[in-house]
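Asks: Take this structure first; my questions come after.
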Amino acid sequence: MASKPPQGDPVQDAPEVAEPRHAAAGLPAIGHSLRMAQQQMGVRRAALTLLRVNQKDGFDCPGCAWPEPGRRHTAEFCENGAKAVAEEATLRRVTPDFFAAHPVADLATRSGYWLGQQGRLTHPMYLAEGADRYEPVSWEQAFDIVAEELTALDSPDEAVFYTSGRTSNEAAFLYQLFVREFGTNNLPDCSNMCHESSGSALTETLGVGKGSVLLDDLHQADLIIVAGQNPGTNHPRMLSALEKAKAGGARIITVNPLPEAGLERFKNPQTPKGLTRGAALTDLFLQIRLGGDQALFRLLNKLIIETDGAVDEEFVGTYTHGYEEFAAAARTADWDETLAATGLERSAIERALRMVLESRRTVVCWAMGLTQHKHAVPTIREVVNFLLLRGNVGRPGAGVCPVRGHSNVQGDRTMGIFERPGADLLDALEREFGFAPPREHGYDVVRAIRALRDGAAKVFFAMGGNFVSASPDTEVTEAAMRRARLTVHVSTKLNRSHAVTGARALILPTLGRTERDLQGSGEQFVTVEDSMGMVHASRGRLDPASAHLLSEPAIVCRLARRVLGHESRTPWEEFEKDYATIRDRIGRVIPGFEDFNARVAVPGGFALPHAPRDERRFPTATGRANFTAAPVEHPHLPEGRLLLQTLRSHDQYNTTIYGLDDRYRGIRNGRRVVLVNPADAAALGLSDGSYTDLVSEWEDGVERRAPGFRVVHYPTARGCAAAYYPETNVLVPLDATADTSNTPASKSVVVRLERSALG
Ligand SMILES: Nc1nc2c(c(=O)[nH]1)N[C@H]1C(S)=C(S)[C@@H](COP(=O)(O)OP(=O)(O)OC[C@H]3O[C@@H](n4cnc5c(=O)[nH]c(N)nc54)[C@H](O)[C@@H]3O)O[C@H]1N2
Ligand SMILES: Nc1nc2c(c(=O)[nH]1)N[C@H]1C(S)=C(S)[C@@H](COP(=O)(O)OP(=O)(O)OC[C@H]3O[C@@H](n4cnc5c(=O)[nH]c(N)nc54)[C@H](O)[C@@H]3O)O[C@H]1N2
Ligand SMILES: [Mo]
């Protein structure tokens, strides 16, 4: 039953193109967010819901993982947070009648946008083997089906348990506990496709795989470098922090192949000035070629080393390891090679160096523009080298700042959602729960797809997310999914993963962040950890979308009881009744959570310890912060080809499409566009408005094609094109991943553009 993936919305996908903007937010942003919220929720519900976002007694915004400031505005949310809330708090519903009217084959022809617009899931639904559509089932039947397939496996390692990043700490802790009691470490998560490269690089060099700055550090910095990140769309509240830093005298260098409106100018809707001109943010824009960052930082490092007095020798001598070897490698950095790899002017790099040398406190922020390349891990290690050289780790106003995506993706990892758990975690689980957790490492996302493809994995269970659309190599992933015996999705909204199923499939509908969670002991709250290691409570206030929903913790507890039976000594019933009892156990298993219930009761929550930040202690193999000296890499582009990055528009949350506009980039009413530098377009004979197929070329010789994209002349770096994810995931080869972290290299796909039969 292989259906072709849908090619956008044939009726609606008709891109219109205008000049890109040069400023973000402002009044139009408020207007857009309120309009979307009201379309989904009506006026009253929209107002009541949005006023609860990120308040100390409210719920954590299900948008991004940017932290909340200590002093909050009445409306502490952004345009895109409001869209995320509206998407969840919508009044539209996907009921059993909907599934009766839409066979799975029909759902498989629909776009992700259409699926998401249908509304919230209301009932557990089951697709029986050979059936053509989902039918309602009871929760008991649903758990029986999962148990039947899990117990029929030859080994627990034939099951895969995915997690997306919205799952609360409580649900994540229970989920990994259940999975490990069941007997496997097959716990891939969205982080594998996201900041895994940051985690790998930081753990090896600093000893902690998380960022080392708090919000106040940004406010106190002299220099903030924002590399490979588009906060105006993806972390809009970060713009307030950048604005505040600038008001305090900070300068900002932006490193990006695209001029992103949010980094040019920010019109803060919370201030009078923001309603008019707004604040300029970027002082120096380095329009780098895709994948040129390691070369750039390596050259800057050489120049720092060669400047008298620029290296913080006391810091380097006291706290670091490997300096000599690194310095020897850095000294060989070459201007010509760097200019070719980055596409930058010599004078621009010299100006950046002056700003670096004038700064006593430097922060580097980054996101997917650095993590999704073959050489992502050495690139981020080079950023660490750069900061270590001038002692910019473990002092106020300075440090590493990987800006996380999903609102609790960092917390999920802290809770043990990891396919390669350390012995510390497993020992602690063994002590606390009295079972022997599996020690062998499990599958990450890419390895899970291979296992499903090869028949080595037979059951796929997802706690949230949209695995088939978010993963690379769409056709391979979808074929892999269809080979499974059973696919199960705990979801709030309909998505493509519900339409590309194993022989049997279940949809288990769950509560969202915004909703009241009533259990045996009364109303519950959950906790989350933001991008800066702050843990706080989140309490939903809305009535659940349907009376048939279960919370994520309740789903795990009931499933665990059904699957593990009397073999488990874990008090699943008690956990379901009272989440405080889960937090008691988290406090005994996960370092930094001691006395969890008492500390999270304090409004605003608490900061997790971070040894490099707090005490300049580096829990690495050498006991010091490690300089590293990897060879410099950058993508090589064959003649007549472009390097494609797959990125987000302003109207989407990952695979959830809110609308068809990308306002800041001047694109409306369509998503099948490819942004190309006019000079490259001219060389390829592609006029603005012509239609092209994107064909990716990789070493396996397989031709991957995404048909029918409108060419948009756009001021991106030479040789570098951009198009939206997930429409272009079909082009990303499964095996094209970052070294060490195994993250799909979604930001450097070699493509040729062919005249399209479509369009
Ligand atoms: N509204 C909204 N918010 C979101 C999300 C969303 O989809 N919508 N997603 C969430 C998630 S899970 C995540 S991980 C984050 C993602 O946040 P981002 O990382 O900002 O997301 P992308 O759209 O992938 O943008 C990548 C940025 O890096 C640049 N870039 C690409 N390649 C390179 C490179 O080689 N070098 C440099 N220097 N720059 C490069 C691109 O031009 C772009 O500006 O956002 C989170 N927040
Ligand atoms: N080509 C390319 N591919 C990429 C990326 C890229 O930049 N380029 N980015 C990667 C990144 S950074 C990430 S993080 C992944 C994202 O991968 P995922 O996290 O798997 O994808 P999402 O689109 O965020 O998942 C959306 C679905 O989550 C469900 N959901 C929403 N809220 C909840 C909730 O509270 N509970 C539950 N149980 N379900 C909920 C809804 O059903 C919704 O349809 O994609 C990756 N894929
Ligand atoms: Mo992400």
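Asks: Which of the residues spanning the stretch 245-292 are of a type in the set (Asp, Glu) and either surrounded by fewer than 22 Cβ atoms within 10 Å (Cβ to Cβ) or in contact with a strand residue (DSSP E or B) (Cβ under 6 Å, 6 or more places away or on another chain) (or both)?
Replies: Scanning the stretch 245-292 gives Glu264, Asp283.
Asks: So Arg166 fits all but one of (1) free of Cβ contacts under 8 Å to residues at least 60 places away in the same chain; (2) assigned to a loop (DSSP other than H, G, I, E, B); what number is the exception?
Replies: Against the list (1) free of Cβ contacts under 8 Å to residues at least 60 places away in the same chain; (2) assigned to a loop (DSSP other than H, G, I, E, B), Arg166 comes up short only on (1).
Asks: I need the strands (runs of 3 or more DSSP E) fully contained in the stretch 628-732, keeping only those with at least 2 residues that are within 16 Å of ligand 3 (Cβ to nearest atom) and within 28 Å of Arg166 (Cβ to Cβ).
Replies: On the way: elements: 642-647, 673-676, 691-696, 704-713, 720-724.
Fully inside the stretch 628-732 and qualifying: 642-647.
Asks: With within 20 Å of Glu88 (Cα to Cα) and free of Cβ contacts under 8 Å to residues at least 60 places away in the same chain as the only criterion, which of Arg516, Arg539, Arg496 stands out?
Replies: Step by step, each of Arg516, Arg539, Arg496 is checked, and only Arg516 is within 20 Å of Glu88 (Cα to Cα) and free of Cβ contacts under 8 Å to residues at least 60 places away in the same chain.
Asks: Right, something else. Considering only the stretch 514-527, I want to know if a residue exists there that is under 21 Å from the mean Cα position of the chain (by Cα), modelled with pLDDT under 95, farther than 24 Å from Ala128 by Cβ and not aromatic (Phe, Trp, Tyr). Even if it seems obvious, please write down each step before you answer.
Replies: Narrowing the stretch 514-527 to residues under 21 Å from the mean Cα position of the chain (by Cα): 514, 526-527.
Of the ones still in play, those that are also modelled with pLDDT under 95 are 514.
Then keep just the ones that are farther than 24 Å from Ala128 by Cβ; that gives 514.
Still in the list and also not aromatic (Phe, Trp, Tyr): 514.
Yes: one or more hits.
Asks: Quick check on my filter: what residues within the stretch 602-613 are more than 26 Å from the chain's Cα centre (by Cα) and either in a helix (DSSP H, G or I) or without any contact (Cβ under 8 Å) to a residue 40 or more places away in the chain (or both)?
Replies: Val602 - this is the single residue of the stretch 602-613 that is more than 26 Å from the chain's Cα centre (by Cα) and either in a helix (DSSP H, G or I) or without any contact (Cβ under 8 Å) to a residue 40 or more places away in the chain (or both).
Asks: Are there any pairs, at least 6 apart or on different chains, whose C-beta atoms fall under 7 Å, with the first in the stretch 588-599 and closer than 17 Å to Val526 by Cβ and the second among the aromatic types (Phe, Trp, Tyr) and outside any helix (DSSP H, G or I), and if so, which?
Replies: Taking only residues 6 or more apart or on different chains, the pairs are Arg599/Phe606.
Asks: In the stretch 733-759, how many are away from ligand 1 (no atom under 15 Å from the Cβ) and part of a loop (DSSP other than H, G, I, E, B)?
Replies: 10
Asks: If only one of Val468, Val384, Val393 is among the β-branched types (Val, Ile, Thr), touching an Asp or Glu at 6+ places or on another chain (Cβ under 8 Å) and open to solvent by less than 10 Å² (accessible area, probe 1.4 Å), which one is it?
Replies: Numbers: Val384 fails: touching an Asp or Glu at 6+ places or on another chain (Cβ under 8 Å); Val393 fails: touching an Asp or Glu at 6+ places or on another chain (Cβ under 8 Å).
Only one candidate qualifies: Val468.
Asks: Need pairs with beta-carbon distance below 7 Å; first residue without any contact (Cβ under 8 Å) to a residue 60 or more places away in the chain and farther than 13 Å from Asp157 by Cα and within the stretch 423-447, second open to solvent by 20 Å² or more (accessible area, probe 1.4 Å) and assigned to a helix (DSSP H, G or I); sequence gap 6+ or separate chains.
Replies: Ala436/Glu430
Asks: Let me ask another. Only one of Ala152, Ala172, Ala227, Ala201 is farther than 30 Å from Asn626 by Cα, touching a helix residue (DSSP H, G or I) at 6+ places or on another chain (Cβ under 9 Å) and at pLDDT 95 or above; which?
Replies: When all the criteria are applied, what remains is Ala172.
Asks: Among the candidates Ala105, Ala82, Ala131, Ala101, which residue alone is in contact with an Asp or Glu (Cβ under 8 Å, 6 or more places away or on another chain) and not assigned by TED's automatic domain parsing to the domain that holds Thr271?
Replies: Answer to the check: Ala105.
Asks: Within the stretch 551-570, count every residue that is farther than 16 Å from Leu150 by Cα, touching a Leu at 6+ places or on another chain (Cβ under 9 Å) and surrounded by fewer than 22 Cβ atoms within 10 Å (Cβ to Cβ).
Replies: Qualifying residue count, the stretch 551-570: 1.
Asks: When residues of the stretch 1-19 are filtered for being at pLDDT 70 or above and in contact with a strand residue (DSSP E or B) (Cβ under 8 Å, 6 or more places away or on another chain), how many remain?
Replies: 4
Asks: To continue, here is another question. Would you tally the residues in the stretch 282-306 being within 12 Å of ligand 1 (Cβ to nearest atom) and in contact (Cβ under 8 Å) with a residue 40 or more places away in the chain?
Replies: Here the count works out to 12.
Asks: Exactly one condition in (1) open to solvent by less than 20 Å² (accessible area, probe 1.4 Å); (2) over 18 Å from Ile145 (Cβ atoms) is false for Pro544; which is it?
Replies: Single failed check for Pro544: (1).
Asks: Now a separate question. Among Thr362, Thr379, Thr338, Thr332, which is more than 16 Å from ligand 3 (Cβ to nearest atom), open to solvent by 20 Å² or more (accessible area, probe 1.4 Å) and among the hydroxyl-bearing types (Ser, Thr, Tyr)?
Replies: Going through Thr362, Thr379, Thr338, Thr332 in turn, just one is more than 16 Å from ligand 3 (Cβ to nearest atom), open to solvent by 20 Å² or more (accessible area, probe 1.4 Å) and among the hydroxyl-bearing types (Ser, Thr, Tyr): Thr332.
Asks: Having 3 or more residues that are within 20 Å of the chain's Cα centre (by Cα) and more than 14 Å from ligand 1 (Cβ to nearest atom) is the bar; report the helices (runs of 4 or more DSSP H) wholly within the stretch 178-251 that clear it.
Replies: Fully inside the stretch 178-251 and qualifying: 196-206.
Asks: Just to be sure, is Arg346 surrounded by fewer than 16 Cβ atoms within 10 Å (Cβ to Cβ), in contact with a Leu (Cβ under 8 Å, 6 or more places away or on another chain) and free of Cβ contacts under 8 Å to residues at least 12 places away in the same chain?
Replies: Spelling it out, Arg346 is indeed surrounded by fewer than 16 Cβ atoms within 10 Å (Cβ to Cβ), in contact with a Leu (Cβ under 8 Å, 6 or more places away or on another chain) and free of Cβ contacts under 8 Å to residues at least 12 places away in the same chain.
Asks: Taking helices (runs of 4 or more DSSP H) that fall entirely within the stretch 20-92, which contain at least 3 residues that are open to solvent by 20 Å² or more (accessible area, probe 1.4 Å) and modelled with pLDDT of 80 or more?
Replies: Where helices (runs of 4 or more DSSP H) fall fully within the stretch 20-92 and carry at least 3 residues being open to solvent by 20 Å² or more (accessible area, probe 1.4 Å) and modelled with pLDDT of 80 or more, they are 27-41.
The values are calculated or read from the model by the stated rules, or taken from the named source; none is laboratory data. None of these values were measured; they are calculated from a predicted model. Cβ sites come from the backbone with ideal geometry, for glycine too, and all protein chains shown count toward neighbours. Protein only, heavy atoms only, side chains kept; ligands, DNA and RNA dropped before computing areas. Shrake-Rupley method; radii C 1.70, N 1.55, O 1.52, S 1.80 Å.
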